[in-house]
Amino acid sequence: MHASFPAPKDRALIQIVDSALADAAQRSGAWLVCRPGCTQCCIGVFPINQLDAQRLRRGLADLEKTSPQKALRIRARAHDAVTRLSPHFPGDSATGILQKEKEEEEDYAERFSVFANDEPCPALDPATGNCDLYESRPLTCRVFGPPIRSEGGLGEDGLGVCELCYHGASDEEIAACEMEPDPNDLESILLKQVEDKTGIHGETIIAFCLAR
């Protein structure tokens with residue numbers, strides 16, 4: 001599966017996203033309080049796409065070569081999480097693919113909204129509060145914190161921010177820090193390549209991704 005991963009192009013995507021993050025962080029200054037050991041965004045599951053999943057698996061495979069014990073602990077945490085989450089998984093627990101069939105979209109959204117909100121990410125080291133797969137983390141993790149515009153965003157202007165950040169900033173000041181992580185939508189192009197080559201379509205969660 002790793003052979004089909006578009007690594008060079010994915011690295012280009014990550015460089016674009018990380019550069020956008022660095023620019024937003026510079027404009028945000030002290031309002032952006034994200035620091036190593038802050039685990040607010042590491043608790044509770046969220047969907048990841050197959051490009052994220054490939055990147056995570058590649059990162060774990062690399063870690064197995066350089067730090068096998070750390071990799072083993074990640075896999076153990078992932079397996080434990082899958083055991084806990086499988087009975088109420090809003091999808092196919094055999095494949096780890098989240099269910100989003102059109103006829104079940106409303107039911108899916110409701111089930112996912114209350115699913116595993118207190119579940120720690122298996123890549124999170126509980127002793128240090130750091131991510132053991134930080135360089136391979138999904139895009140959702142990379143962009144969390146700065147203002148991101150999306151439909152149905154958290155704010156009235158459609159900008160979502162981490163609830164721990166931007167305290168005391170006005171709406172205008174928050175908008176001035178907006179991050180545009182992937183302006184040319186390179187992620188969608190690479191995601192299609194991965195799904196076409198692997199034949200695996202749909203979203204999953206980190207625990208199921210790393211347990212396989």
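Rule-based calculations on the coordinates, nothing more; no lab input. Every value quoted in this text rests on a predicted model; they were computed, and no experiment measured them. In this analysis, Cβ positions are derived from the backbone assuming ideal geometry, glycine residues included, and neighbour counts consider all displayed protein chains.
A few notes on this one:
- Filtered residues of the range 20-60 (kept if without any contact (Cβ under 8 Å) to a residue 40 or more places away in the chain and surrounded by 14 or more Cβ atoms within 10 Å (Cβ to Cβ)): none
- When the residues of the range 117-146 are filtered to those that are charged (D, E, K, R) and over 11 Å from the mean Cα position of the chain (by Cα), the one that is surrounded by the fewest Cβ atoms within 10 Å (Cβ to Cβ) is Asp118.
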